[in-house]
Amino acid sequence: MMTLLFSLLNDAIFSAIPAVGFAMVFNVPRRFLPYCALAGALGHSSRTLLLHIGLPIEWATFIAAALVGLITIGFAKRHLAPPLMYAVAAIIPMIPGTYAFNTVIALVQLTAQSEISPELTYQVISNGLKTVFILGALSVGLAMPSLLYFRTRPVI
């Protein structure tokens, strides 16, 4: 139990750093940087916790992105700022760079060979689909709270 808490704390700290870095790249005002860090840390840590529980990475990313969307709507209402100012920087640490890198590397190896290798083809397809589904989960999960919250008509 303590190792899980230390792992989540470590994850929160090291995912808040790129969230603040990208917030600075996107010219977020200095007074909002801690909120970007908090949203990034909570989002990535919740995804890590959901992965630890046993959820697939796509669903864990979707739920974590929805949580980031809810948190950033709260920050936006509190500070009268657009929610995307917090959300874009907070969602960047959850981008699936490793899967995309493995897809491209396997694709380059596949094109360099004279014969088609089933193992490399499998790596390209599985890593590519995982990358696409994670990016889709990020975008839909981040957009869904805003679509439901700022809706003018009732859902049902």
### Query
Rg to Rh for the chain: what is it, with Cα atoms only and Rh by Kirkwood?
1.06
### Summary
Charge dipole of the range 1-155 built from unit charges on the beta carbon (Lys, Arg +1; Asp, Glu -1), centred at mean Cα; most positive-end Cα among 139, 152, 68 is 152
## Note on the structure
Expressed in angstrom and rounded, the centroid-to-centroid distance over alpha carbons for the range 110-150 and the range 9-76 is 20 Å
### Query
Counting only protein heavy atoms and using a 1.4 Å probe, what share of the accessible area of the chain belongs to carbon plus sulfur, as a whole percent?
73 percent
## Note on the structure
At q = 0.16 1/Å the base-10 log of I(q)/I(0) from the Debye formula over the alpha-carbon atoms of the range 6-59 is -0.49
### FRET efficiency, 1/(1 + (r/R0)^6) with R0 30 Å, evaluated for residue 7 and residue 107 via beta carbons
0.40
### Query
Heavy-atom accessible area per residue, the range 55-156, 1.4 Å probe: how many Å²?
61 Å²
### Structure-based [θ]222 nm, the chain - -39500 (n - 2.57) summed over DSSP H runs of at least 4, per residue, nearest 500
-27500 deg cm²/dmol
### Message
With +1 on the Cβ of every Lys and Arg and -1 on the Cβ of every Asp and Glu, and nothing else charged, how large is the dipole of the chain about its Cα centre, in debye rounded to the nearest 20?
### Response
840 debye
### Message
How high is the relative contact order of the chain? Use alpha-carbon pairs under 8 Å, at least six apart in sequence, and give a whole percent.
### Response
26 percent
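The values are calculated or read from the model by the stated rules, or taken from the named source; none is laboratory data. Treat the numbers as computed from the prediction; the structure is a model and nothing was measured. Cβ sites come from the backbone with ideal geometry, for glycine too, and all protein chains shown count toward neighbours. The accessibility values were calculated without ligands, DNA or RNA, using every heavy atom of the protein model including side chains. Shrake-Rupley method; radii C 1.70, N 1.55, O 1.52, S 1.80 Å.
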